[in-house]
Number of protein chains: 2
Amino acid sequence: MTVRQKPRGRFHHGDLRRALLDAVAEAALEHGPEAVTLRDCARRAGVAHSAAAPHFGDKRGLLTAFATEGFERLGAAQEAAMATAPRTASAQLTASGRGYIGFARANPAHFRLMFREALLDGTDPALNAAREGAWAPLERSLRAGLPRLGEPALHQRLVLAWSAVHGFATLESEGAQHILHGAESADAAAEACIAAVVRAALRRGD
Amino acid sequence: MTVRQKPRGRFHHGDLRRALLDAVAEAALEHGPEAVTLRDCARRAGVAHSAAAPHFGDKRGLLTAFATEGFERLGAAQEAAMATAPRTASAQLTASGRGYIGFARANPAHFRLMFREALLDGTDPALNAAREGAWAPLERSLRAGLPRLGEPALHQRLVLAWSAVHGFATLESEGAQHILHGAESADAAAEACIAAVVRAALRRGD
DNA sequence: CGCCTCATCTTGACAATGGACAGATGTGGC
DNA sequence: GCCACATCTGTCCATTGTCAAGATGAGGCG
């Protein structure tokens, strides 16, 4: 009756939980996030088609766990970039944006799946915690850079920065590269976008 | 063998093409864009599940036609907003953003489906034409407002504005309202975001 | 060591889906 | 009046996600 969430030891398969999550990454990269199939993931992991049930419950559970891992890595990418940047507010904010867009670029299918709400379990506490954690660095750096701004005004800056960075990453990973980049290189477009966002977000005055 | 009451139209069905597209809109609104089912759409339209083939080919064709219609309406929403706004560059750009976000708000499921590249036929000429047409108003108004800016710099402004407006609309329609709005009203958040984008996009200097 | 509990995994079944096909049925051209 | 053809129906098939029942092996306890 008691369902143990954490499998303690490796069982028949070495680590099926990890193997299945890796299989999701593979499948999402090959055929797109919405085309991920439970049976295909099981095939990739070399197990029967219902072997995922003890670990993730159902397909939604598997994708939710995958998305949770994505949000954790998205937050970590920002933290890593910020750790090696100067402690200036603008440098920290720039690093956060670079980490965000960098993660979306390095893991386009993973990134897209993280925002397919219909495929995920929105009530999962781990997912929500990871999601909050992923957008905390941006909020923290912005709040540190604008200490005297009131709460509502600060929230507006946050929405602006979040929208622009997320919008760029989304458009890029969604197949609209031809629109975004034009004749320029992808990196230059990203850098220009981040710079503009940082300037607008840290602008003085209400 | 359920007896179906056929509407007395010219043909078997009055206008099945339109009925199916409306069914897609209904289904997408109820269960999300990725949960749209060909058979369910056919049921809503009161026809057999293979009746869509002559009109749209397959499911992807149906969704592609639906997305195409969405891009056309997205462009029209911006044009309509711009037509009633002053001819100032900033007013035109603001109106364009309002039209964009307004469409995404009024048709959240439609808007989301338009950017599910994996569900659409990216080679469809009508889709691509409508997509270009939808983002033309923003480019036109920005280009008119910055006549002396060089091409690459102008492109960067375009990317910034497009990213921020699209990012806001995406986050809002993707179920991240709790993050975006905070204690504020949704309209205030949108207006503040648009205002910041217009200010940043029309800023003088490279 | 022997056994026993239980999580893990397999097999088989089921309903639902998308696509393909042959055939019925109405529409418009001749 | 008659025929070519687009439209629509019913049926079949492979695939999918989920469930139920059974096999398998790990680790605890005597």
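Odds and ends about this structure:
- If you filter the stretch A:143-184 down to residues that are touching a Phe, Trp or Tyr at 6+ places or on another chain (Cβ under 9 Å) and in a loop (DSSP other than H, G, I, E, B), you find that the one that is modelled with the highest pLDDT is A:Glu174.
- Of residues in the stretch A:24-51 being under 23 Å from the mean Cα position of the chain (by Cα) and within 13 Å of DNA strand C (Cβ to nearest atom), the one nearest to A:Glu117 (Cα to Cα): A:Glu34
- Test: B:Glu117 is charged (D, E, K, R), within 30 Å of B:Cys193 (Cα to Cα), within 16 Å of DNA strand C (Cβ to nearest atom) and buried (at least 16 other Cβ atoms within 10 Å of the Cβ): yes
- B:Gln78 being under 13 Å from the mean Cα position of the chain (by Cα), over 18 Å from B:Leu120 (Cβ atoms) and in contact (Cβ under 8 Å) with a residue 24 or more places away in the chain: yes
- Whichever residue in the stretch A:128-156 is crowded, with 23+ Cβ neighbours inside 10 Å and in contact with a Ser or Thr (Cβ under 7 Å, 6 or more places away or on another chain) and, among such residues, is farthest from A:Phe56 (Cα to Cα): A:Ser141
Matching residues to (1) more than 11 Å from chain B (Cβ to nearest Cβ); (2) under 21 Å from A:Ala28 (Cα atoms):
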site: A:Ser90; (1), (2): yes, no
site: A:Thr94; (1), (2): yes, no
site: A:Ile101; (1), (2): no, yes
site: A:Asn107; (1), (2): yes, yes
site: A:Phe115; (1), (2): no, yes
site: A:Ala118; (1), (2): no, yes
site: A:Pro125; (1), (2): yes, no
site: A:Gly133; (1), (2): yes, no
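- In the stretch B:1-88, counting only helices (runs of 4 or more DSSP H) that sit wholly within it, the ones holding 2 or more residues that are more than 16 Å from DNA strand D (Cβ to nearest atom) and either modelled with pLDDT of 95 or more or surrounded by 15 or more Cβ atoms within 10 Å (Cβ to Cβ) (or both) span B:16-31, B:59-83.
- Just one of the listed residues (B:Gly175, B:Gly150) is closer than 25 Å to A:Thr123 by Cβ and not aromatic (Phe, Trp, Tyr), namely B:Gly175.
- Where A:Val159 falls short, out of the listed (1) facing chain B (nearest Cβ under 8 Å); (2) buried (at least 21 other Cβ atoms within 10 Å of the Cβ); (3) within 22 Å of A:Leu29 (Cα to Cα): (3)
- Check on B:Ala91, farther than 16 Å from B:Ala196 by Cα and in contact with a helix residue (DSSP H, G or I) (Cβ under 9 Å, 6 or more places away or on another chain): no
The values are calculated or read from the model by the stated rules, or taken from the named source; none is laboratory data. None of these values were measured; they are calculated from a predicted model. Note that each Cβ is placed from the backbone with ideal geometry, even for glycine, and that neighbours are counted across all protein chains shown.
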